[in-house]
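**Student:** The structure follows.
FYI, it's all coordinate maths here, none of it is from the lab. Note that the coordinates shown come from a computational prediction; the quantities given were computed from them, not determined experimentally. Cβ: placed from backbone, ideal geometry, glycine included. Neighbour counts: every protein chain shown.
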Amino acid sequence: MKKVAVLGATGSIGGNTLDVIARHPQRFRATVLTANRQVAALAELCVRHRPELAVIADPALEGELSRRLAAAGVRCDVASGHQAITDAAAGTLCDTVVAAIVGAAGLDSTLAAAQAGKHLLLANKESIVMAGALLLEAVRVGGGALVPVDSEHNAVFQCLPGGRPELTRSGVRRLILTASGGPFRGRTRAELAGITPDQACKHPNWVMGRKISVDSATLMNKGLEVIEAHHLFGAPADAIDVLVHPQSLVHSMVEYVDGSVLAQLGNPDMRTAIAHALAWPERVESGVPSLDLAACAPLAFEAPDLSTFRCLALAYQALRAGGDSPAILNAANEVAVEAFLAGALPFLSIADVVESVLTELPGQAVVDVGALCERDRIARASARRVLQHAC
Ligand code: NAD
Ligand code: MG
C-alpha cells in the first residue's frame, strides 16, 4: 500500500491524481491533502478520501477547515502554513509525494520530498526549472526516485531504457517534445493583440489550471518543458527539439543514433502519466479510454512559430545562458502571467516583461536554495517595475 501526499489536491493534477488513487484502494491511499485557499474544496476532498492530514496554506483558513471537517464527521489532523506543507512532504505519513502545487510556491515542498527520499511524482515544473541541479542532487542524496508527470517528460521517460540513463551512452540523438501549439496556433502577432484571459485559458485539448493554460497559449509552457527536459534527462539545449502536434496524441519522442524514433501515444488525459508514475515500474488501470487512431488520423506535425510565440525562444535563451537564468525567466513569467490574468497586461507583453528582466539580470552561478530564492525575489521586483512602465 503506497501512502500518497497530494500537494495541490484541489487543482487539476490533484483531482486527476485522486481519481486514479480512488480506482485502486488496495494499492494507494491519499494520506495527506493540501491546498492554498480553497477550503471548501479541500474539506470535500477529505470527506471523500479520508486522509490522515489536511493542510491549508493560508493560516487564516485553518479554523474554517477544522469546523467544516468536524461538521462532516471527518477525523483527520489539520495544519496550516507554507512550512506545514513542506513538513508534510517530508513526514512519515507518506512514502509517495505528488508535487502538484503551481509555481515557485511548490519549490520547498518538492525539495523536502526529494531530500526525504520519497517516491516523487513531479508535476510542478517550475521547481525543476528554478532549481534543477539542486533538486536532482536532493533526489540522489535522499535515495528516492523522481518520475515525471508532465506528459511530455513522462513520455520521454517511457521511451528511454531504464527511464533516465546517460543519454549519449544510450545512443540517444535528440529528444522531441511535442506541443499542441495552444489555442492561438497559426495566428499572427496582430491577431493576438486583444486576447483576454478567458480566451487564453481555453485550451483545445487539455483542461488545466489557469497559469499553465496561459503558459500553453504563449508557448512558455513548452519553454519551461525544454528546461525541465534538460535537467531530467541531461540533454543539452541543442538536443531538445520542439514539434507542434495539434492533436496531442503523440506526447513526445526520443530519436536514437540509428534513426529509430520511439514515441509514447495516448489520449490527452493526464491520468495516463499520473497512473504510470504512481505505479512505476508496474502498470495500473487509469480510467483513460483506448486510443482510437483510425478516428484521429491523419496526425499533423509542424515547426513552432518562434517569432510570434517569443516565450519559447526566450526559454531556450535562458537555458543556454545557464546559471540561474531559468529561475529569473520563471519568476518574471509568473509575475507577467498573474498580471495578464488580472487584466493588467496585454497578452503579447508577457514576452516583453520576461525579456526585459532577463536582460536586466544576467545569470549567476547557483549556490544554494537560499541564494536562488533571493534571486527569485529580485527578479519578481524587476518584473513589477517593468509592468509599471508597460501599463
Ligand atoms: P491548478 O491551478 O489547477 O492547481 C494548483 C494547486 O496548487 C491547487 O491545489 C492550489 O490550491 C495549490 N496552490 C496554489 N498556490 C499555492 C501556494 N502558494 N501554496 C500552496 N498551494 C498552492 O494547477 P494545475 O494545472 O493542477 O498545475 C499544477 C502544476 O502541475 C503546475 O506546476 C503545472 O505546470 C503542472 N502541470 C499541470 C498539468 C495539467 O494538465 N494541469 C500538466 C503538466 C504539468
Ligand atoms: Mg506538459
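**Student:** Which order do the peptides 353-361, 113-121 take when ranked by the mean count of other beta-carbon atoms within 10 Å per residue, highest first? List each step's numbers first, then the result.
**Tutor:** On the way: 353-361: 20.8, 113-121: 24.2.
By packing density, highest mean first, the sequence is 113-121, 353-361.
**Student:** Once you order the gyration tensor axes a ≥ b ≥ c over the Cα atoms, which shape class does the stretch 49-191 get: rounded for a/c under 1.5, otherwise prolate or oblate by comparing a/b with b/c? Present the calculation step by step, with values, prior to reporting the outcome.
**Tutor:** Numbers: a/c = 2.52, a/b = 1.50, b/c = 1.68.
It comes out oblate by the Cα gyration axes.
**Student:** Neighbour counts of other C-beta atoms within 10 Å: give me Thr17, Thr178 arranged from fewest to most.
**Tutor:** On the way: Thr17 29, Thr178 26.
Arranged by neighbour count, lowest to highest, Thr17, Thr178 become Thr178, Thr17.
**Student:** Over the stretch 283-353, what relative contact order in percent results from Cα pairs under 8 Å that are six or more residues apart? Mind showing how you got there, number by number?
**Tutor:** Details: 25 pairs, mean separation 14.7, N = 71.
Normalised by residue count, the contact order of the stretch 283-353 is 21 percent.
**Student:** What whole number of Å gives the distance from the Cα centroid of the stretch 153-188 to the Cα centroid of the stretch 207-243?
**Tutor:** Between the Cα centre of the stretch 207-243 and that of the stretch 153-188, the gap is 10 Å.
**Student:** Still on this structure: Counting alpha carbon pairs within less than 8 Å and at least 6 residues apart, what relative contact order, in whole percent, applies to the chain?
**Tutor:** On the way: 760 pairs, mean separation 54.7, N = 391.
Over the chain, the number comes to 14 percent.
**Student:** Considering Cα pairs under 8 angstrom that are at least six residues apart, work out the relative contact order of the stretch 140-207 and quote it in whole percent.
**Tutor:** About 22 percent, as a whole number.
**Student:** Oh, and also: Would you mind pulling out the separation of the Cα centroids of the stretch 337-391 and the stretch 264-312, in Å?
**Tutor:** For the stretch 337-391 versus the stretch 264-312, the Cα centre distance is 31 Å.
**Student:** Which ordering of Phe233, Phe347 is given by a fewest-first count of other beta-carbon atoms within 10 Å?
**Tutor:** On the way: Phe233 23, Phe347 19.
Neighbour counts put them in this order, fewest first: Phe347, Phe233.
**Student:** Related question: Hey, if you put +1 on the Cβ of every Lys and Arg and -1 on every Asp and Glu Cβ in the chain, which of Ala315, Thr110, Ala336 ends up farthest toward the positive end of that dipole?
**Tutor:** Final value for the positive-end residue is Thr110.
**Student:** Another question, then. Put +1 on the Cβ of each Lys and Arg and -1 on the Cβ of each Asp and Glu in the stretch 298-391; which of Val386, Ser325, Phe347 then has its Cα farthest toward the positive end of the dipole?
**Tutor:** Val386
**Student:** If only Cα atoms are counted, what is the Rg of the stretch 126-245, and what is its Dmax, in Å?
**Tutor:** 16.0, 51
**Student:** Treating only the Cβ atoms of Lys and Arg (+1) and Asp and Glu (-1) as charged, compute the dipole magnitude of the stretch 169-275 about its Cα centre; round to the nearest 20 debye. It would help to have the intermediate numbers written out before the result.
**Tutor:** Working: 11 positive and 10 negative charges, 40 e Å.
For this selection, approximately 200 debye.
**Student:** Using a Gaussian network model of the chain whose springs link C-alpha atoms within less than 10 Å, name the residue from Leu345, Leu291, Leu61 with the highest mean-square fluctuation.
**Tutor:** Looking only at Leu345, Leu291, Leu61, the biggest GNM fluctuation is shown by Leu291.
**Student:** Using the Cα centre as the reference, give the magnitude of the dipole from point charges on the C-beta atoms of the stretch 322-390 (Lys, Arg: +1; Asp, Glu: -1; all else neutral), rounded to the nearest 20 debye. Write down the numbers at each step before the final one.
**Tutor:** On the way: 5 positive and 9 negative charges, 35 e Å.
Dipole magnitude for the stretch 322-390 comes out near 160 debye.
**Student:** Let me ask another. If you look for lysine pairs in the chain that are eight or more places apart or on different chains, how many of them have Cα atoms under 24 Å apart?
**Tutor:** Lysine pairs meeting both conditions in the chain amount to 10.
**Student:** Which ordering of Phe28, Phe301 is given by a fewest-first count of other beta-carbon atoms within 10 Å? Mind showing how you got there, number by number?
**Tutor:** On the way: Phe28 22, Phe301 13.
Ascending number of Cβ neighbours within 10 Å: Phe301, Phe28.
**Student:** Still on this structure, I have one more. Is the C-alpha gyration tensor of the stretch 322-390 telling us rounded, prolate or oblate? Criteria: a/c under 1.5 is rounded; beyond that, a/b larger than b/c is prolate, otherwise oblate. It would help to have the intermediate numbers written out before the result.
**Tutor:** Details: a/c = 2.42, a/b = 2.02, b/c = 1.20.
Here the stretch 322-390 falls in the prolate category.
**Student:** Taking the Cα centre of the chain as the origin, how large is its charge dipole in debye, to the nearest 20, when only Lys and Arg (+1) and Asp and Glu (-1) carry charge on their Cβ atoms? Before the final figure, lay out each step's value.
**Tutor:** Numbers: 34 positive and 39 negative charges, 124 e Å.
Taking the Cα centre of the chain as origin, the dipole is about 600 debye.
**Student:** I want the antiparallel fraction of DSSP beta bridges within the chain, as a percent rounded to 5.
**Tutor:** Working: 10 of 41 bridges.
Restricted to the chain, the bridges split so that about 25 percent are antiparallel.
**Student:** Cβ neighbours within 10 Å, averaged per peptide: list 258-269, 273-284, 184-195, 202-213 in order, most packed at the top. Please list the in-between numbers first.
**Tutor:** On the way: 258-269: 15.3, 273-284: 19.5, 184-195: 13.8, 202-213: 17.9.
The peptides rank, most packed first, as 273-284, 202-213, 258-269, 184-195.
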